[in-house]
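Below: the structure, in structure tokens.
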Amino acid sequence: MAAAVECVVITDDEQGYGLDLFCIPKHYSNDLERVFIPHGLIMDRTERLARDIMKAMGNHHIVALCVLKGGYKFFADLLDYIKALNRNSDQSIPMTVDFIRLKSYCNVLIVEDIIDTGKTMQTLLNMLQDYKPNMVKVVSLLVKRTPRSVGYRPDFVGFEVPDKFVVGYALDYNEYFRDLNHICVISEKGREKYKA
Ligand code: IMP
């Protein structure tokens, strides 16, 4: 079992918030159960992750690798916070971005939306070894508590969440819900409406 990574833990009995308390696109109003992680909380946690990552990665040039498609919102927001730190603090780290290709002998920061079983990330990390990166760190916005986990734990985690299917903030269900700011739990109606 990997050492626990500190993060915001959302417990199994977390009720979330009623949809009427937040702004939800009308076209999804019947397709969601609850707001699970409001957008503002995602942003606040991401700001702190940026600081922790900067501290851990030193001064060497970083290639930030976005795992498409679900990771694009988190990737863009996290990089915006890292850029703000680069502008406003004594420490600053040159950074380039990539989506598929990788350069050798760099520090690599993999930015992922969600770790469920962990199989996807294990496969990606194995592939990455061919490029002999200097240092590889993984940041995932969400990690699911699931018995299906292979035991993989990223270096930085935004939120640990119960074993539920979540959408929004670029996380999708059959390509839908990426255009939703908050992370929400999908409703039965939503599952039925957008099933493949
Ligand atoms: P893993 O290989 O089981 O860790 O799966 C990771 C991938 O499955 C993620 O990158 C997502 O694309 C997808 N995924 C897993 N759980 C969810 C969820 O609750 N909502 C949206 N996508 C999910």
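The values are calculated or read from the model by the stated rules, or taken from the named source; none is laboratory data. Model, not experiment: these values are computed from the prediction. With ideal geometry, Cβ positions are generated from the backbone for all residues, glycine too; neighbour counts draw on all protein chains shown. Note: areas computed on protein heavy atoms with side chains; ligands, DNA, RNA excluded. Shrake-Rupley method; radii C 1.70, N 1.55, O 1.52, S 1.80 Å.
Residues in region 161-196 that are small (Gly, Ala, Ser) and either open to solvent by 40 Å² or more (accessible area, probe 1.4 Å) or assigned to a loop (DSSP other than H, G, I, E, B) (or both): ALA170, SER187, ALA196. Considering region 111-160, the residues that are part of a strand (DSSP E or B), more than 17 Å from PHE99 (Cα to Cα) and within 8 Å of the ligand (Cβ to nearest atom) include one that is most open to solvent (accessible area, probe 1.4 Å), namely LYS144. Would you check if there is a residue in region 161-173 being more than 19 Å from GLY40 (Cα to Cα), hydrophobic (A, V, I, L, M, F, W, C) and either under 17 Å from the mean Cα position of the chain (by Cα) or within 16 Å of the ligand (Cβ to nearest atom) (or both)? Taking every residue of region 161-173 in turn, at least one turns out to be more than 19 Å from GLY40 (Cα to Cα), hydrophobic (A, V, I, L, M, F, W, C) and either under 17 Å from the mean Cα position of the chain (by Cα) or within 16 Å of the ligand (Cβ to nearest atom) (or both).
Here is a check on your reading of the model: is VAL63 touching a helix residue (DSSP H, G or I) at 6+ places or on another chain (Cβ under 7 Å) and not small (Gly, Ala, Ser)? So VAL63 does not fit the description; no. Consider region 63-101 and keep the residues that are aliphatic (A, V, I, L, M) and over 22 Å from VAL143 (Cβ atoms). The one that is modelled with the highest pLDDT is ALA84.
Restrict the check to region 37-60 and report whether at least one residue is open to solvent by less than 40 Å² (accessible area, probe 1.4 Å), touching a residue at least 60 places away in the same chain (Cβ under 8 Å) and within 16 Å of the ligand (Cβ to nearest atom). Yes, there is a match, as at least one residue in region 37-60 is open to solvent by less than 40 Å² (accessible area, probe 1.4 Å), touching a residue at least 60 places away in the same chain (Cβ under 8 Å) and within 16 Å of the ligand (Cβ to nearest atom).
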